[in-house]
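Engineer: The structure follows.
Each reported figure results from applying straightforward, stated rules to the coordinates on display, with no laboratory input. The model shown is predicted, which means the values in this text are computed figures rather than measured ones. A quick note on method: Cβ atoms are made from the backbone with ideal geometry, for glycine too, and the neighbour counts reach across all protein chains shown.
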Amino acid sequence: MTRALLRPGRRGKLKGLVFPGGGTMTATHRKRRAERPAGAAETANSVGRRRRRRPGLGALAAGVPAMAESVERLQQRVEELERELAQERSRRALGGGDGGGGRARIEKMSPEVVDSNPYSRLMALKRMGIVSDYEKIRTFAVAIVGVGGVGSVTAEMLTRCGIGKLLLFDYDKVELANMNRLFFQPHQAGLSKVQAAEHTLRNINPDVLFEVHNYNITTVENFEHFMNRISNGGLEEGKPVDLVLSCVDNFEARMTINTACNELGQTWMESGVSENAVSGHIQLIIPGESACFACAPPLVVAANIDEKTLKREGVCAASLPTTMGVVAGILVQNVLKFLLNFGTVSFYLGYNAMQDFFPTMSMKPNPQCDDRNCRKQQEEYKKKVAALPTQEVVQEEEEIIHDDNEWGIELVSEVSEEELKNSSGPIPDLPEGITVAYTVPQKQEDSVREVTVEDSGESLEDLMAKMKNM
């Protein structure tokens, strides 16, 4: 409690109360205080006490959970507003007009060669006989899982090609560490990748419809929603997407996509870049027809090793925008060939930057695959193939015709059949499908008769003397 000090005034009278702060209570102050209501005085005293009281550590600790809960509610509200904004953008895009880019939506692709036509060079593929109907690309919906170094460039290429609809799935945010790759820009750091990608892609081509999902597909609740959007998120709501593209950087997400596509019978393409950034691959997976990701899993998956235990603090995988650009390019090229039905679609295409090597192969599904839905899809595919009508292939021998041979000249072998037979050896017993380039003839015993000479009993000196006399 603050204690007032009496200060003697002139002529020995108490002039005023002196407080520790140096102030004094004059007669005027005392009069005002006396006129103040009793309740007001108590309130003023209580306020003063509250101001002087300092909160303890216990009170601060008790307020931390409430503050964290408030932050969580704010984050949820921000996500809700982002989803509402995305829906509003999609609604405006469907309604026509400016879809968010620098031009109005184009209802129909035109082959007209003018500077203002963004599709003139794409439509030229039809004129050159590469694609029969390029405008069909606007009828397809493609889902991209992972909007990172490969996925973002893949989304950009498909957007520029005029795909009908893109569904983007990713839970990560843009970081400055991503700037060594393509697509994202420094001012987008901190934004979710799907939202930043949607904004950029919509400005590139407002004709494309976008649907973005900012979550991790490997969790139980999100996996169900992911499967629902794959089944019903096509260009027309309620129909499945036409293709799923895996552009993720971990095996857990790949196995999740593989599980969903095997269960739904959904065709998808897998892609990846090695940790040393100098090789990559793409793979087309048709459930039941080709090997799924679980038919021949990597060692990490087969051994049930937790990927998180392989990561070390302060150590990250290498990445090059060149390798990721190449992998994204061959992935989109394969997508276009698959959707528009031109060229040869690769079931597996690798890329080795060290030797500029592009290996190709195709893998059949594993009958003992760990994924039961994969085995189920294999049985259904076998039934489908068995139901197809079989066509017998008859090989006709081509008759040798000499166009400019008025003299009837023929080529006759200088080796007789018997000589050819003698020059060949027995054919070894080999597995089916393996043949020998040539055979080694068996060694024949010398047929020359041996001549024996009788011993005359003469010495070598006698024989030498006879030879000199000859």
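Engineer: Give me the net charge for the shell around residue 233: Cβ to Cβ below 14 angstrom, other residues only, Lys and Arg +1, Asp and Glu -1.
Structural biologist: -2
Engineer: Classify the range 107-206 as rounded, prolate or oblate from the Cα gyration tensor: take a ≥ b ≥ c as the square roots of its eigenvalues, call it rounded if a/c is under 1.5, otherwise prolate when a/b beats b/c and oblate if not.
Structural biologist: Verdict is prolate for the range 107-206.
Engineer: Say a paramagnetic label sat at a point 7 Å from the Cα of residue 333, along Cα to Cβ; which residues of the range 343-375 have their backbone N under 18 Å from it?
Structural biologist: 343-362
Engineer: Excluding residue 72 itself, calculate the net charge of residues whose Cβ lies under 14 Å from the Cβ of residue 72, where each Lys or Arg counts +1 and each Asp or Glu counts -1.
Structural biologist: Here the charged neighbours net out to -1.
Engineer: Shifting gears a bit: Rounded, prolate or oblate for the range 332-373? Axes are the square roots of the Cα gyration tensor eigenvalues, ordered a ≥ b ≥ c, and the cut-off for rounded is a/c under 1.5.
Structural biologist: Because a/c hits 1.5 or more and a/b fails to exceed b/c, the range 332-373 counts as oblate.
Engineer: Once label points are set 7 Å from the Cα along Cα→Cβ at both residue 423 and residue 344, what is their separation, rounded to one decimal in nm?
Structural biologist: The two pseudo-label positions are separated by 3.6 nm.
Engineer: What is the Cα centroid distance between the range 243-269 and the range 117-167, reported in whole angstrom?
Structural biologist: 21
Engineer: Right, here's the next one. Give, in nm to one decimal, the length gained when the segment between residue 356 and residue 409 is fully stretched (0.36 nm per residue of separation minus the Cα-Cα distance).
Structural biologist: 14.1 nm
Engineer: Still on this structure, I have one more. Would you mind counting up the charge near residue 220? Only other residues with Cβ under 15 Å from its Cβ, with Lys and Arg at +1 and Asp and Glu at -1.
Structural biologist: Counting the neighbours of residue 220, the net charge comes to -4.
Engineer: If each of residue 74 and residue 385 carries a label point 7 Å out from its Cα toward its Cβ, how far apart are those two points in nm?
Structural biologist: Going from the residue 74 label point to the residue 385 one covers 6.0 nm.
Engineer: Among the listed pairs 239/383; 337/382; 136/382; 165/384; 108/136; 193/337, give every one whose C-alpha distance is greater than 19 Å.
Structural biologist: 239/383; 337/382; 136/382; 165/384; 193/337
Engineer: At 7 Å along Cα-to-Cβ for each site, give me the label-to-label distance between residue 316 and residue 106 in nm.
Structural biologist: That separation, rounded to one decimal, is 3.8 nm.
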